[in-house]
Amino acid sequence: MTYVEPAPIAIPSEPIGSIPRPPDLLQKLAQVDSEDPALAALYEDAVRDTIERFEATGSLVITDGEQRKYHNFLTYCVHGLPNTSADGFKIPYSDGHTRRMLRLTRGPFRYLRYADSYLDMAMRYAHVPVKQAVISPSALSLMYPAEGFPNYPREQFIDDAHKVQIDFTEARLAMKIDPSGQLLDSFIDLNNLALSRFSPEERRRIGVHTCPGGDFHATHSAEVDYANLLPRFFELKAGNFYVALAGEQDRRRVLKIIRKYLKPNQRIFVGVIAPNRAGIESAEEVRDRVLEASEYIPIEQLGTTDDCGFAPFSDDTSTSRDTAFAKIRARVLGTALAENLIGGGSS
Ligand SMILES: [Zn+2]
């Protein structure tokens, strides 16, 4: 007689990306530009320390904490381009502060650096899979000025800009800028154009992230109803969706929307940690959020994540490194607790 052990229930848990930078790196960054050789040793130390501490949380997927993404997750790939100026698209946050995109001053658009250039250093230190967030073509499309260029039409810019992999963070903001949904639709189309270059197998490994923004504990689009975003969001041709949820007023309402619009081949990583909130979640709190989500999302399509990165902009020190890693540890532990309960775990 043979006995086949049932496959254990696995709930994958992954970070979004950024971790607050160490103070000595921030200090130096304030004095020199991102490519200054004086930074090399500090970058190396920051990446090594981040990966060590990330692995110590028990997270089975890690990032390099975006320690080398200067100044932020949005403009790292175009920072230093001669045909840009600092007065681009403005993002207002709930506490009154703003961030700005770079503005393209003439064509053609070219990437100055790709996010995968950061991977080699991370891979030297990592013992588990490293995830790399990549800014979406739709975010970069905000660089193209509304008035356009006579000799460099928007169509040409789009063609130049979509040749890259994807992560999508400004979807919810799009609904705030343009409540008619047209801007969001154009973002979805643009990102799907990029995604359609990948095979279905590759797309299963590509994820997209949506959140209301996180910078100095403030948001840029929390007031936009997920009901106006998620139906379109799930039209993206990707396999994984990282949806901020822990910071939502009414999580069950959002979960109902997810249940209604999610497609069979999509995995939804729900946010169980709120980087915008100072307190550290307990593992039990996280466990209960996973159990709650499992009432709405089939377990084989469920995963957990943080609502956002912990410092998408390098100068944001509103969260300490200690707090960020304590929150990540709670996510890992709490997800495992839920996994055991749901799977009737043997331990
Ligand atoms: Zn985010």
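May I ask you to derive the relative contact order of the chain, considering only C-alpha pairs under 8 Å and at least 6 residues apart, and to give it as an integer percent? Reported relative contact order: 22 percent.
If we sort 304-317, 39-52, 194-207 on the protection proxy, mean other Cβ atoms within 10 Å, highest first, what's the order?
The densest-packed peptide leads the list: 304-317, 39-52, 194-207.
For the chain, list the DSSP H helices whose alpha carbon atoms reach 27 Å or more along the long axis and whose average Kyte-Doolittle value is 0.0 or above? Helices meeting the span and hydropathy rule in the chain are 321-342.
For the options Ile177, Ile135, Ile188, a Gaussian network treatment of the chain with springs between C-alpha atoms closer than 10 Å singles out Ile177 as fluctuating the most.
At R0 = 35 Å, how high is the FRET efficiency between Asp250 and Leu119 if r is their beta carbon distance? Nearest 0.05 is fine.
0.35
For the chain, the mean residue ellipticity at 222 nm estimated from helices alone is -10000 deg cm²/dmol, where every DSSP H run of n ≥ 4 contributes -39500 (n - 2.57) and the total is divided by all residues, rounded to the nearest 500.
Accessible area per residue for region 34-187 is 44 Å², calculated with a 1.4 Å probe on protein heavy atoms, without ligands, DNA or RNA.
Split the accessible area of region 29-172 by element, probe 1.4 Å, and carbon with sulfur accounts for 54%.
In region 20-66, the C-alpha radius of gyration followed by the widest Cα-Cα span (Dmax) gives 11.8, 36 angstrom.
For the chain, taking Cα atoms only, Rg and Dmax work out to 20.0, 77 Å respectively.
In the structure displayed, which of Lys69/Lys131; Lys90/Lys256; Lys69/Lys256; Lys131/Lys237 lie more than 24 Å apart, Cα to Cα?
Pairs exceeding the cut-off: Lys90/Lys256; Lys69/Lys256.
Computed from phi, the 3J(HN,Hα) profile of region 8-22 under the Karplus parametrisation 6.51, -1.76, 1.60 (θ = phi - 60°) reads x, 6, 10, 10, x, 9, 9, x, 8, x, 7, 10, x, 7, x Hz, with x in place of Gly and Pro.
Taking amide H positions as modeled 1.01 Å from N, with prolines and chain starts lacking one, the residues under 5 Å from Val208 and 5 or more places away or on another chain are Asn240, Phe241, Tyr242. Maximal additional length on extending the Asp189-Arg48 stretch stands at 47.0 nm, based on 0.36 nm per residue less the C-alpha distance. The alpha-carbon of Lys263 sits under 15 angstrom from the alpha-carbons of these aspartates and glutamates, leaving out residues fewer than 8 places away in its chain: Glu235, Glu300. The order of the peptides 253-265, 216-228 by mean Cβ neighbours within 10 Å, most packed first, is 216-228, 253-265.
The values are calculated or read from the model by the stated rules, or taken from the named source; none is laboratory data. All values reported here derive from a predicted model rather than from experimental measurement. So basically every Cβ, Gly included, is an ideal-geometry build from the backbone, and we count neighbours across all protein chains shown. Keep in mind that these areas ignore ligands, DNA and RNA; they rest on the heavy atoms of the full protein, side chains included. Shrake-Rupley method; radii C 1.70, N 1.55, O 1.52, S 1.80 Å.
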